[in-house]
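A short worksheet on the structure shown next.
The values are calculated or read from the model by the stated rules, or taken from the named source; none is laboratory data. A quick note: this is a predicted structure, and the numbers were derived from the prediction, not measured. Using ideal geometry, Cβ is built from the backbone for each residue, glycine included, and neighbour counts are taken over all protein chains shown.
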Amino acid sequence: MSVLTVENLSKGFGGVQAVAELSFSITEKRIHSIIGPNGAGKTTLFNLITGIYTPSSGRISLLGDDITGLPTAARAARGIQRTFQNLQIFFNMTALENVMVGRHLSLRPRLLPSLLRLPASARADRETEAQAADLMAYVGLGKWLDADADAMPYGALKRLEIARALAARPRLLLLDEPAAGLNAVETAEIDELIKRIAAGGTTVVLVEHDMKLVMGVSDHILVLDYGRKLADGTAAEVRANPDVIRAYLGAGAA
Amino acid sequence: MAEFLQFAFSGLTVGAIYALVALGFALIYNASHVINFAQGEFVTIGGMATVALMTGGGLPLLLAIPAAVMITALVGLALEKFAVEPAIGRPGGASVVTIIIITIGASIFIRGVVQVTLGKDFHRLPAFSGEAPIDILGARLQPQSLWVLGVTLLVVAALWWFFGRTRFGKAMLATSHNRLAAQLVGIDTRLVLLASFGLSAALGGLAGILTAPITLTKYDIGIMLGLKGFAAAILGGLGSGPGAIVGGIALGLAEALAAGYISSAYKDAVAFIIILVVLFVRPSGLLGGRSTERV
Amino acid sequence: MRRLLDARTGGLLALALIIALLPLILPNKFYYDVAIKTALNALVCVGLNLLIGYAGQISLGHAGFFALGGYASAVLTARYQWNGFAAMAVGMAGVGLLAFIVARPILRLRGHYLAMATLGLGIIIAIVLNREIPITGGPDGMTVPALRLGEWRLIGTTTWYWISGGVLLIAVWLALNLIDSGVGRALRALHGSEVAAETVGIDTTRYKVLIFVISAVFASLAGSLFAHAERFITPTEAGFMRSIEFVTMVVLGGMASTYGAVVGAAILTVLPQLLTKLHDYEHLAFGAVLILVMIFMPKGLVPTLQNRLRHLVGGQPR
Ligand SMILES: Nc1ncnc2c1ncn2[C@@H]1O[C@H](COP(=O)(O)OP(=O)(O)O)[C@@H](O)[C@H]1O
Ligand SMILES: [Mg+2]
C-alpha cells in the first residue's frame, strides 16, 4: 500500500526551481532512498512533505488523505517524522529531554496538571522518561543520557535526532543525510540502525550521499536531478539506467 | 484647508525628526543587527550639548551646532567601543536580549550623565532664523520647520551620495547584505560597525538640535523620540533606508492629523497603535521583504 | 531526574527559609516595604522568565499587564466598592483575555518586531491610564482601599510581607512544576528550534500564546497585590521603563532560571534603594551596572555563579 503519494509537486525560490513537477509514491514498510547531486532538491522535498515549505503547486497525500495544506505539527500527528541535514537539536536541553520532547504527541501534556504536578502528570512524565531512555539505548546513546545536548559530539547528535523522531512512533520516517560527516564505523552502525528501524515496521525514506549505504539498504531508489525525477526503481535498475550513469553515478560508483 | 495644511506642516516637521532617528536605527541595524535603544539619547545629547556650549561656553550657534554634532558622534563611537563591541566581539556573540539590555543600560547611563552635568530642567535653543511665521494659504509655517525639512533633505541626499558613490559607503552596504562575504573581500566589518554608530549618533544629534527650538530639550526627551524613531524604522521595514524615511514621515503626519482631528490626549499613542496594526497585517513592515527561513 | 527533584525541593525550602527568617534582620517598616516590592517584582519576573528565558520570546510591555491588574483592583474596589479578591480575579481574567487576543498576531513576530509590538502595547496601556483621568485619576494616581478578608482588613507592612512572600513561594513552585513537565519541555523546545518543535508535533503558536497569557496573568496578580499593599498606584507602573526593569531583572538574574528571576528582582529592587544615597548619580550608576553585568556575565548571575561553583567542586564546567 502507498504510504505517501506526491503528485506534480513544484517549489521555486525566486529563479531557482528546487522541485519541479515531481510525482512518486512510497510503499509501506520498505526503505526508500532519494539520491541526487547537491542542490537537486532533496532537502526541499523533505521540507515540502513535512509542511515547513508550502509548495508552489502539486499535492501530497499520506495514506490516501490529502495533507498538502496541513501545518507541520498536524502532519506529525498523522505519523510523519524526520531528521535534519543541518542539525535541529534543542541545544538548551539535555539529550534525554530532547528525546522526551519527541514523545509530546502521546504525552499530550495539560496545563493545570502540569502546573500542580498532579500525581497522574508526574507518573506520565516518569514513563516518558523511561521510554526516552530506552530509545537512546536503542540508537546507541546509552551513555549520553544525562549529557547536555550542547556538550555532545556531532555523530551522537545525528543519532539523537533519530531517537527523537522515533519517540513519536512515526509511520513514515524521513532521514536527511544521517551518515554525512560520519566515519566508516559510525556509518556502518547507522546502516544497521536504519535496517532495524525498517524491520520494526516503520517506512523509511533516506536521503544519503554514501552510495554503499544507499545501495545496501534500499528497497527502492528515486533519483533527482534539478528537482526532477531522473529515474526510479530497485538498486539494480537504477544502477543500470543510462541517464543515471551519465548524470550522477558515472563519476564514482559505476 | 488652512487647518489641514497647518496640521500637515507640523506633521512633516516631526516626521522629519522621526525619520532622522529611524535612519540612525537602520544604519546600526544594517551593520550589526543590533537595535540601539540609546538612539533617543543621541537626540538628547545633540540638543543639550548645543545649549551648554552656547550658554556655558559662550559659543555662537553656528559653532555650537557642529561641535555638538561632533560630541554626539564621539559618544556614539564610545558606546560601540566600550559597551557593544565587548559583548558582540566575544566568541559565540551575544543574544538579541543581551544587546537590548546593554543599549538600554547605556541609555540610562547617558541620561544620568546629562542629568548630573546639565540638570533636569527644560532648555531652549533660539530658532535658527527668527520666529516670524510664514503664511501659506492661511496656514502658519515656522521658519524652524523649514530648517528641519531642509536639513533632513540635505542629509538624505548626502547619505544617498555616501552609500551610492563612496568606497566606504559601499563597503557599509555590502556588510549589511552579507557580513561574511564582506569580510572575505577584505572589508573591515568592525570599522563599519564603529562608523555606523558614529554616523547614526551624528544623525540623532542633528535631529536633537533641529527640534530643540520647537519642542525644547531636556535630559529625558530622548526616551519617547527614540521609541517613536524605532517605531518608524519598524514601520518602514527594519534596515531599509527609504523605509525609515517613509516610516518617519508617515508617523509624523498621522500623529499630527490624529491630534488635530481626533484627540490630542492620545497623540503619543498614535504611533504605537499604527505600528501594532501594521505589524498584525504585515509582520515585516511596509517596505521590509519576506524570506523563507532555511533549514 | 531524581537530582532535579531534589534541586526543586531544596531550592523551595531555601527560599521558604529566607522568607521566614528575613524579618529577623529587617530593622523597620521601610525595609519591609522594600522586601514586599522585591517579592512582587519577583512574582512578575518568575512569570516573565517563563516567556523570555524558557520560551525565548521577548516582551517589553509586561508593565502594562502589571498596571492593568493594579488598576483593576484599584478602580473596582475604590469606585465600585467591589470585594478586593473579586476585583483581583476579574483583573487577572481580563488581562489574560487581553493577552490572549493580542498574543496570536504579536507572537507571529520575531526578534525586534516582537520587541516593538510588546513595547507598543505597553506604552498604549500607559497612555490610556494617564489620560482616562475620571477613572484612573490620571498621572497623579489613585489611592486604593485595603484588601478585606471577611472582617479582617489586610493592612500593614508585616501582613503584606507574609502575603507577598507566600504568593511568591507558590508562584515559584508552580513555575518549577511547569518547567519540569511536558508543557515546559515544549516551551524550551520551541526556544531551542522552532522547526524541530513543530516537526515532533508541538503546536508552537499555541504554546507561545499559552505562556504569554500565563506570564501576563502573573503580572496582573502582582499588580493587584502591589496596589493593595502600597494602597496607591500611578501610571508609572505601566511605563516603558518599568517594563524594561522587569526584563532586566530576568536577564540579570539569569534567563531560564526561576531562582535567577527571583535573585534578579531582589538585586534590582534593593540596588536603587542603596543608590538613592548617591542622589543624582543614581541613574548613572544603575546604567553602568547593567552594562557591566551584561558584558561580563551575559548568562546572568545565577547560571554564571552555578557554573563557577560546579567548576570549583570539580564537576564539568558548562
Ligand atoms: N529557503 C530557500 N531559499 C532559497 N533557495 C533555497 C531554499 N532552500 C533551498 N533552496 C535552493 O533550492 C535548491 C535545492 O536545494 P536543496 O533542497 O537543499 O538540495 P539538496 O538537499 O538536494 O542538496 C538549491 O538551489 C537551493 O539553493
Ligand atoms: Mg540537502
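Report yes if residue A:46 is aromatic (Phe, Trp, Tyr), more than 16 Å from ligand 2 (Cβ to nearest atom) and in contact with a strand residue (DSSP E or B) (Cβ under 7 Å, 6 or more places away or on another chain), otherwise no.
When the stated conditions are applied, residue A:46 does not pass them.
Filtering segment A:216-227 down to residues that are surrounded by fewer than 17 Cβ atoms within 10 Å (Cβ to Cβ) and more than 16 Å from ligand 2 (Cβ to nearest atom), which residue is farthest from the other protein chains (Cβ to nearest Cβ)?
A:216
Considering each of A:114, A:33, A:23, A:106 in turn, give the residue that is away from ligand 2 (no atom under 16 Å from the Cβ), outside the structural domain of residue A:132 (by TED's automatic domain parsing) and not β-branched (Val, Ile, Thr).
After applying the criteria, what remains is A:23.
Is it fair to say residue C:313 is farther than 28 Å from residue C:147 by Cβ and within 14 Å of chain B (Cβ to nearest Cβ)?
Criteria not met by residue C:313.
Would you check if there is a residue in segment A:187-195 being within 26 Å of residue A:61 (Cα to Cα), assigned by TED's automatic domain parsing to the domain that holds residue A:26, away from ligand 2 (no atom under 16 Å from the Cβ) and in contact (Cβ under 8 Å) with a residue 40 or more places away in the chain?
The answer is yes; a qualifying residue exists.
Regarding residue A:226, is this residue more than 26 Å from residue A:139 (Cα to Cα) and either charged (D, E, K, R) or modelled with pLDDT under 90 (or both)?
no
Mind listing whichever residues of segment A:98-108 are within 8 Å of chain C (Cβ to nearest Cβ) and surrounded by fewer than 21 Cβ atoms within 10 Å (Cβ to Cβ)?
A:105, A:108
Could you grab me the full set of residues in segment B:11-36 that are more than 22 Å from residue B:148 (Cβ to Cβ) and in contact with a Gly (Cβ under 7 Å, 6 or more places away or on another chain)?
B:29, B:30
Tell me, yes or no, whether segment B:63-75 has at least one residue that is within 14 Å of chain C (Cβ to nearest Cβ) and closer than 23 Å to residue C:244 by Cβ.
yes
From the list A:91, A:84, pick out the single residue that is more than 15 Å from ligand 1 (Cβ to nearest atom) and either in a loop (DSSP other than H, G, I, E, B) or not assigned by TED's automatic domain parsing to the domain that holds residue A:203 (or both).
Within the list A:91, A:84, the selection yields A:91.
Here is a list of conditions, (1) within 12 Å of chain C (Cβ to nearest Cβ); (2) in contact (Cβ under 8 Å) with a residue 40 or more places away in the chain, and residue A:140 meets all of them except one; can you say which number that is?
Single failed check for residue A:140: (1).
Residues that are more than 10 Å from chain C (Cβ to nearest Cβ) and in contact with a Gly (Cβ under 8 Å, 6 or more places away or on another chain): list the helices (runs of 4 or more DSSP H) wholly contained in segment B:201-295 that include at least 2 such residues.
B:222-236, B:241-261
Cβ-Cβ under 8 Å, sequence separation 6+ or interchain: first residue in segment A:156-185 and more than 14 Å from chain C (Cβ to nearest Cβ) and of a type in the set (Asp, Glu), partner buried (at least 21 other Cβ atoms within 10 Å of the Cβ) and not in a loop (DSSP other than H, G, I, E, B). Which pairs?
A:177/A:207
If residue A:10 passes every condition in (1) more than 16 Å from ligand 1 (Cβ to nearest atom); (2) in contact with a Gly (Cβ under 8 Å, 6 or more places away or on another chain); (3) in contact (Cβ under 8 Å) with a residue 12 or more places away in the chain but one, which one does it miss?
It is condition (1) that residue A:10 fails.
Exactly one condition in (1) away from ligand 1 (no atom under 16 Å from the Cβ); (2) closer than 19 Å to residue A:37 by Cα is false for residue A:169; which is it?
Of (1) away from ligand 1 (no atom under 16 Å from the Cβ); (2) closer than 19 Å to residue A:37 by Cα, only one is false for residue A:169: (2).
Looking at segment B:196-225, I want the residues that are farther than 20 Å from residue B:37 by Cβ and have a partner that is among the polar types (S, T, N, Q) and in a helix (DSSP H, G or I) with Cβ atoms under 8 Å, at least 6 apart or on another chain. Which pairs are those?
B:209/B:50; B:210/B:144; B:210/B:152; B:212/B:50; B:213/B:144; B:214/B:13; B:214/B:144; B:214/B:145
When only residues in segment A:54-97 that are of a type in the set (Phe, Trp, Tyr) and away from ligand 2 (no atom under 13 Å from the Cβ) count, which is surrounded by the most Cβ atoms within 10 Å (Cβ to Cβ)?
Here the answer is A:90.
Condition first: touching a Ser or Thr at 6+ places or on another chain (Cβ under 7 Å), at pLDDT 95 or above and within 14 Å of chain A (Cβ to nearest Cβ). Can you find one or more residues in segment C:142-152 that meet it?
no
So which helices (runs of 4 or more DSSP H) are wholly in segment C:1-106 and hold at least 2 residues that are out of contact with any strand residue (DSSP E or B) (no Cβ under 9 Å at 6 or more places or on another chain), under 23 Å from residue C:154 (Cβ atoms) and among the basic types (Lys, Arg)?
Output list reads C:29-49.
Find the helices (runs of 4 or more DSSP H) located wholly in segment C:165-281 whose residues include 3 or more that are at the interface with chain A (Cβ under 9 Å from one of its Cβ atoms), and list them.
C:182-192, C:194-199, C:204-230
Any idea how many residues of segment A:15-70 are of a type in the set (Gly, Ala, Ser) and near ligand 1 (Cβ under 7 Å from one of its atoms)?
Selection size over segment A:15-70: 5.
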